[in-house]
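Quick notes on the structure that follows.
The values are calculated or read from the model by the stated rules, or taken from the named source; none is laboratory data. Treat the numbers as computed from the prediction; the structure is a model and nothing was measured. Please note: Cβ atoms are built from the backbone with ideal geometry, for glycine as well, and neighbour counts cover all protein chains shown.
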Amino acid sequence: MPSVNREEGRPLVWVQALSFGEVNAAAPVLRRLHEDRPDLDIVVSVTTDSGYDGARRQMPFARQIFFAPIDCWPFLNLALARIRPDLYVLTDTGFWPGMIYLLKARGIPQVLFNGRLSEKSLKCYGFVKPWVRGLLNRFDLICMQSEAGRQAMVSLGAEPEKLRVVGDTKYDGLKPVGEPEGFRLREALRIPASHPVWVAGSTHPGEEAIVLDAYEQLRARFPKLTLVLAPRRLERVGEVMKLIEARGLDAMRKSELKPDDSHGRDVIVLDTMGELAKLYAVGDVTFVGRSLVAPGGGHSLIEPAAQGKVVLHGPFVENVQHSADELGALGIAIEVADADTMAKRITELFEEDTLHAKLTEKAVTLVKEKKAPRVRWQD
């Protein structure tokens, strides 16, 4: 656990961002905070390797980035003694009971930021409601993504005056890819201009087989279709390659594409970190995983929407239900249950150019509207 050399008169904010997704959500807000309050020191703790790598890339302004201590009092006491934060910010809703109790005991203000609560978590917390109520009310401020989230917190006993609805800060970090950059990304994938593209991102075990079933159906109608497949965990790339090659498809890892590889592959497997959000811009249609196979939960649907893309997802999206409902109401997000419905919906989008264009325009407009206006941070 690092020590922080505190400077006189410089307050310190400690932000805990669990993994890559939480880092993405926190980065634009922390960047704005750093710009508006350069007198503050910001330190960031993470729990996963992907979170650490993401924080190093996106938060160069952070005084220190380190792995969070185990939620056990001896380790927490040591961390607090070395860092001495003036404010602790917990992102999302990954509660750390030991830290929450200890911060309150030491009189250090704490904020829950960009909070969300799935139906499954709400049900589980309901069985231990008195304990959860005591935990929640140790926060000085609880900022939720949606009104439904605020109401869920109230139902668990959170004091209403501590609750705020701030929207999903992931929108603030989204940067639509312009046409020149989109062209360069497509060139990097060695996809010919005449080939339509389907980007299937953040897939989990069991989902790649469904996606490939749909792809083989689609190729009968669209023989030039290229599939860009991005498993959520890079350690699964070898497994996914074997699955593709067993079907006789021409596949290649992105990192192994050569400059003269211009004929176009059937499937390109993304095996590099941190590129998926931009690569959605290359797709004519997209799919986001951890949603087809129970228990699922879903990953960010707004990343492809930010690139003006229609996004398909499975029925298991409770972690991003608010986004699925909002995008679904506009037709930007489409729920599919299996390979057959997936192939059918993509065929409709490819064949109905006018509808596809309208949905693309809706996606771009929605993300622009969702981005928070610039604000000044107050003392």
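Can you confirm whether the range 262-270 contains a residue that is surrounded by 14 or more Cβ atoms within 10 Å (Cβ to Cβ), touching a residue at least 12 places away in the same chain (Cβ under 8 Å), assigned to a helix (DSSP H, G or I) and of a type in the set (Asp, Glu)? Taking every residue of the range 262-270 in turn, none turns out to be surrounded by 14 or more Cβ atoms within 10 Å (Cβ to Cβ), touching a residue at least 12 places away in the same chain (Cβ under 8 Å), assigned to a helix (DSSP H, G or I) and of a type in the set (Asp, Glu). Would you say residue 152 is in a helix (DSSP H, G or I), in the same structural domain as residue 109 (by TED's automatic domain parsing) and under 27 Å from residue 345 (Cβ atoms)? Here the answer is no, as residue 152 does not meet what is asked. Against the definition (modelled with pLDDT of 95 or more and of a type in the set (A, V, I, L, M, F, W, C)), how does residue 87 come out, yes or no? When the stated conditions are applied, residue 87 passes them. Here's a check for you: in the range 50-95, which residue that is among the charged types (D, E, K, R) and either free of Cβ contacts under 8 Å to residues at least 40 places away in the same chain or not assigned by TED's automatic domain parsing to the domain that holds residue 115 (or both) is farthest from residue 34 (Cα to Cα)? Among those that are among the charged types (D, E, K, R) and either free of Cβ contacts under 8 Å to residues at least 40 places away in the same chain or not assigned by TED's automatic domain parsing to the domain that holds residue 115 (or both), it is 71.
Let's see how each residue does on (1) surrounded by fewer than 17 Cβ atoms within 10 Å (Cβ to Cβ); (2) at pLDDT below 95:
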position	(1), (2)
305	no, yes
309	no, yes
326	no, yes
334	no, no
337	yes, no
343	no, no
358	yes, yes
361	yes, yes
376	yes, yes
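Going by what's in this entry, would residue 300 be described as more than 24 Å from residue 212 (Cα to Cα) and touching a residue at least 40 places away in the same chain (Cβ under 8 Å)? When the stated conditions are applied, residue 300 does not pass them.
The combined condition, being surrounded by fewer than 16 Cβ atoms within 10 Å (Cβ to Cβ) and acidic (Asp, Glu), is not fulfilled by residue 207.
Against the test of being surrounded by 14 or more Cβ atoms within 10 Å (Cβ to Cβ) and either outside the structural domain of residue 269 (by TED's automatic domain parsing) or in a loop (DSSP other than H, G, I, E, B) (or both), the options 212, 185, 117 yield a single qualifying residue, 117. Residues in the range 90-124 that are modelled with pLDDT of 85 or more and β-branched (Val, Ile, Thr): 91, 100, 108, 111.
Count of the range 223-264 residues, restricted to those that are more than 17 Å from residue 282 (Cα to Cα) and touching a Pro at 6+ places or on another chain (Cβ under 7 Å), is 2.
Condition check ((1) part of a helix (DSSP H, G or I); (2) in the same structural domain as residue 208 (by TED's automatic domain parsing); (3) among the basic types (Lys, Arg)) across all residues:
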site: 279; (1), (2), (3): yes, yes, no
site: 293; (1), (2), (3): no, yes, no
site: 322; (1), (2), (3): yes, yes, no
site: 347; (1), (2), (3): yes, yes, no
site: 358; (1), (2), (3): yes, yes, yes
site: 365; (1), (2), (3): yes, yes, no
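Within the range 112-130, the presence of a residue that is in contact (Cβ under 8 Å) with a residue 40 or more places away in the chain, farther than 24 Å from residue 296 by Cα and touching a strand residue (DSSP E or B) at 6+ places or on another chain (Cβ under 6 Å) is excluded. Scanning the range 42-62 for residues that are farther than 19 Å from residue 233 by Cβ, of a type outside the set (A, V, I, L, M) and crowded, with 19+ Cβ neighbours inside 10 Å yields 45, 58. Only one of the numbered conditions (1) within 23 Å of the chain's Cα centre (by Cα); (2) surrounded by 24 or more Cβ atoms within 10 Å (Cβ to Cβ); (3) not basic (Lys, Arg) is violated by residue 226, and that is (1). The sole residue among 142, 191 that is of a type in the set (A, V, I, L, M, F, W, C), part of a loop (DSSP other than H, G, I, E, B) and either under 26 Å from residue 364 (Cα atoms) or assigned by TED's automatic domain parsing to the domain that holds residue 123 (or both) is 191.
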